[in-house]
Amino acid sequence: MENQQYIQEDEIDLRDYIKVILKRKKVILAVFFVAVITATIVSFLMPKIYQTSSVIQIGSIDELLINKQEAKEILLSHTFLEPIVKELNLVVSPEQLNIKIKQLRENIKIEDIKDTNLLKIKVEYPDPDKVVKINMAVINSFISQSQPVYQQRLSLINERLKELEVEVKNIQDDIKRTQDLITQPSTVSGISQQEVSLRI
């Protein structure tokens, strides 16, 4: 008997809640529509931010020319970003230069792609044309700065390769002479078979 009365009280409570909701539906709908309209207005008034992303590969010959952390530091450094800011006319006066470089640094995100020598560069900016230009300027500037290091490393490797080719040629000549001595010991004057075997 007590259980039935308890269940009836619960049902009555739920009915009361439903009655209150139906009675106050105008207020509830008004609050809902005010929230939706406010969110819509705020989203239209907020500045639009455009984003581009690109992936660059850190050059390597036998090992990475620079590691990923060094590349990130270079890409976000003041000396790297200053020419980009000037080239794209992102500043009006010289006093704004440092502020604009700091803002640009905050708008560039660099992600490490694990287990590769790739870096993902994301650029955010309120102007859709400028965001693409900034992205391209960052990539082109990084490539132009990395190219001399890569070429220098490549020329050192090519020089070493030529030296090794000469050494290999000399070793091959020595092997050929030694083989000739071994196969034709009787034609060599003044050297006995025993001396040939000792030299080998």
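If the viscosity is 0.890 mPa s and the temperature 25 °C, what translational diffusion coefficient in µm²/s does Stokes-Einstein give for the range 50-155 when Rh comes from Kirkwood over Cα pairs? Answer from the Stokes-Einstein relation: 170 µm²/s. The distance between label points at Arg24 and Asn140 comes to 6.2 nm (points 7 Å beyond Cα on the Cα→Cβ vector). The length gained by stretching the chain between Thr178 and Asp112 to full extension, at 0.36 nm per residue less their Cα-Cα distance, is 18.3 nm. Placing pseudo-labels 7 Å out from each Cα toward the beta carbon at Ser53 and Ser93 gives an inter-label distance of 3.8 nm. Label zone of Gln103 (point 7 Å out along Cα→Cβ, amide N under 12 Å): in the range 121-149 this covers 125-127. Estimated at 0.36 nm per residue, the fully extended path between Gln151 and Asp129 surpasses their Cα-Cα distance by 4.6 nm. For the range 94-147, applying the loop criterion from DSSP together with a ceiling of 12 other beta carbons within 10 Å to the trypsin sites (Lys or Arg not before Pro) yields Lys114.
Throughout, read-outs are computed from the coordinates displayed, never taken from laboratory work. Since the structure is predicted, the reported quantities are computational estimates derived from the model, not experimental observations. Here the Cβ is made from the backbone with ideal geometry for all residues, glycine too, and neighbour counts use every protein chain on show.
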